[in-house]
Amino acid sequence: MSAFRDDVWTRIRTEVATDAQAEPALASFLHTTVLSHTRLEDALSFILASKLGSETITSLSLRELITAAFDDDRGIGVSVREDLRAVLSRDPATRGYSQPLLFFKGFHALQAYRVAHYYWTHARPALALFLQSRISEVFAVDIHPGAVIGKGIMFDHATSVVIGETAVVEDDFSMLHEVTLGGTGKVGGDRHPKIGRGVMIGAGAKVLGNIRVGEGAKVGAGSVVLEDVAPFTTVAGVPARPVAYPGHALPALDELDVVGEV
């Protein structure tokens, strides 16, 4: 990432420097977590390791593992930046890139999952599953490291989110808290949902089984989805049924105060 101008990181440092001046009580914290680092990956590895370190794997050792994943797979850094852009553009409560980096557990859980997924796909399943367990304990977000999640993702609030092993989530996806992308418990193998680009899932919705939620679809809060959802369709209810067709081609890209509930 150092080979080009990193506008996201530059803006984060500017925001944090301003906050450190305005709030002296947080100046040491902000210097340690952001201003003392030379790149976004270093700051993020420090933040994640500080939160996920334990007696089993210390923060120092965990940071080395996180940094190794970031350095070996530069695509993670690209995804991190796209996720930050997603939060800033879609969450009306967010005032800058530094807020999700420092304070949003949905963002933290997603980036920690990216590290776990790296180790899952690099023949270190025990480490990946350990990270999954720690992410669930610390952030109340349970994502199997085998799941495949794209970039430009926003988990708003994120408490009680569950995503199963064979789930696939494409780019530009948004969802709120208490969402499950799970299995029905009736089959093995490929048993979890496939979520298309630009999908929006409301709070408390459950999408179950090896089904497809098409591009640009929207799932209403509290719905239970058991069948495929056609692209650019809004579904709601228990079980979910089509109720409308979004005017926006990719509803996940709208601000949450507009589309959080249907």
Original post:
Just one of the numbered conditions (1) small (Gly, Ala, Ser); (2) surrounded by fewer than 19 Cβ atoms within 10 Å (Cβ to Cβ); (3) in contact with a Lys or Arg (Cβ under 7 Å, 6 or more places away or on another chain) is not true of residue 183; which one?
Top reply: (2)
**OP:** Check segment 155-176 and report whether any residue there is part of a helix (DSSP H, G or I), at pLDDT 95 or above and not aromatic (Phe, Trp, Tyr).
**Re:** no
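Looking at the structure I just gave you, is residue 89 touching a residue at least 12 places away in the same chain (Cβ under 8 Å), surrounded by fewer than 18 Cβ atoms within 10 Å (Cβ to Cβ) and not in a loop (DSSP other than H, G, I, E, B)? Let's see the steps before the verdict.
Numbers: touching a residue at least 12 places away in the same chain (Cβ under 8 Å): yes; surrounded by fewer than 18 Cβ atoms within 10 Å (Cβ to Cβ): yes; not in a loop (DSSP other than H, G, I, E, B): yes.
Yes, satisfied.
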Subject >> Lone qualifier among 146, 150 - being on the phi < 0 side of the Ramachandran plot, among the small types (Gly, Ala, Ser) and more than 13 Å from the chain's Cα centre (by Cα) >> reply: 146
**OP:** Pull up segment 15-56, narrow it to residues that are of a type in the set (Val, Ile, Thr) and buried (at least 18 other Cβ atoms within 10 Å of the Cβ), then point me to the one that is nearest to residue 116 (Cα to Cα).
**Re:** 47
Original post:
Among the residues of segment 69-84, is there at least one that is within 15 Å of residue 15 (Cα to Cα), within 16 Å of the chain's Cα centre (by Cα) and in the same structural domain as residue 118 (by TED's automatic domain parsing)?
Top reply: yes
Original post:
Quick one: what pairs do we get from segment 117-129, first residue under 11 Å from residue 65 (Cβ atoms), second part of a helix (DSSP H, G or I) and of a type in the set (A, V, I, L, M), C-beta under 6 Å, 6+ apart or different chains?
Top reply: 118/69; 119/127; 119/128; 128/116
**OP:** Could you give me the residue pairs with C-beta distances under 6 Å whose first residue belongs to segment 154-170 and is within 21 Å of residue 211 (Cα to Cα) and in contact (Cβ under 8 Å) with a residue 40 or more places away in the chain, whose second residue is among the basic types (Lys, Arg) and assigned to a loop (DSSP other than H, G, I, E, B) wherever it lies, and which are 6+ apart or on separate chains?
**Re:** 166/191; 170/197
Original post:
Of the conditions (1) hydroxyl-bearing (Ser, Thr, Tyr); (2) in a loop (DSSP other than H, G, I, E, B); (3) surrounded by fewer than 18 Cβ atoms within 10 Å (Cβ to Cβ), residue 133 fails just one. Which one is it?
Top reply: (2)
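The values are calculated or read from the model by the stated rules, or taken from the named source; none is laboratory data. Not measured: the values here are computed from a predicted model. With ideal geometry, Cβ positions are generated from the backbone for all residues, glycine too; neighbour counts draw on all protein chains shown.
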